[in-house]
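The values are calculated or read from the model by the stated rules, or taken from the named source; none is laboratory data. A quick note: this is a predicted structure, and the numbers were derived from the prediction, not measured. When we count neighbours, we look across all protein chains shown, and the Cβ atoms used for this are built from the backbone with ideal geometry, even at glycine. Ligands, DNA and RNA are stripped out before the accessible areas are found, and what is left, the full protein with its side chains, is counted by its heavy atoms. Shrake-Rupley method; radii C 1.70, N 1.55, O 1.52, S 1.80 Å.
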Amino acid sequence: MTRGTGTTDRSGTTDAPRAGDAIGVLVVDDDFMVARVHRAFVERVAPFRVLGVAGTGEQALSAVGELRPDLVLLDLYLPDVFGLDVIPRLRAAGHDCDVMVISAAREAEAVRGAVRHGVVDYLLKPFEFEDLRVRLERYAVQRGRLLGTVVRSQADVDRVLAKAAVPAASVPALPKGMSVETAELVERTLRDADGTLSASECAALTGVSRVSARRYLEYFHTVGSADVSLRYGVAGRPERRYRFRGQRTGAGRGGAEDRAHAGEGLLTAPVAAVRRVPSPRTP
């Protein structure tokens, strides 16, 4: 187990600092490179602070007892135990920290089990920083509301539970500088593709620039209409591949790749229902 930044002791470990309003986090993942990335992501989001990193279920149990984190980012595929089995052991030991699952486990039973164990969120690997940032910030808001709640009546209970629920999906608006016509063209191209498409391939098929193609593809990923997988080459950054959500896998030229890089489940937001509104962001 490794600890967060703070005062170094003789053994080379550090005492985790705890600011009054900081949210302490324990990262649990058996892949130290993945854990390092998750740690870096968390530390970019205020007021979260990584207190330590654990690579096994037993290390996680020990670290929670020692560091007392507010939130545990828990992988499920650990070398000694299945991640969900850690949660009841935490509760039996009297630890009330919240748990957010971050795992490649896509089985429905794993998701159902996580819900039964009361996890605050479930994020599928691989993911981008923004995917985690949104969930951390949502958790921070809800945690603050729960800590500050005074229950005087049933209305107070209903109010807390309503805020804890995931809001219903609303019709997304295209960011400024994006057109409905081009969005429909990119969406249609992505729907009709055999397998996945890169931004360059989408640009060639639609006639728009590569930069524009990637912007629209990323928009579809953001609103939940497209899945993203990464293709690693010999050198350089991995190539981002896009698939329209709900597209059948194993078809055409992308079949083998698609089976290897299945994307996470998302809700579809048809571009025909999108309306354009001004946005403060630059195109």
Could you work out how much longer the chain between residue 155 and residue 37 gets when fully extended? Use 0.36 nm per residue separation minus the Cα distance between them, nm to one decimal. 38.3 nm
Hey, can you rank 150-161, 78-89 by average C-beta count inside 10 Å, highest first? 78-89, 150-161
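Heavy-atom accessible area per residue, segment 81-138, 1.4 Å probe: how many Å²?
Working: 2820 Å² over 58 residues.
That works out to 49 Å² per residue.
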Highest first, please rank the peptides 177-189, 212-224 by the mean number of other Cβ atoms sitting within 10 Å of their residues. 212-224, 177-189
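Can you tell me the FRET efficiency between residue 106 and residue 188 if r is taken as the Cβ-Cβ distance and R0 is 30 Å, rounded to the nearest 0.05?
Values: r = 27 Å, r/R0 = 0.92.
So, using R0 = 30 Å, E works out to roughly 0.65.
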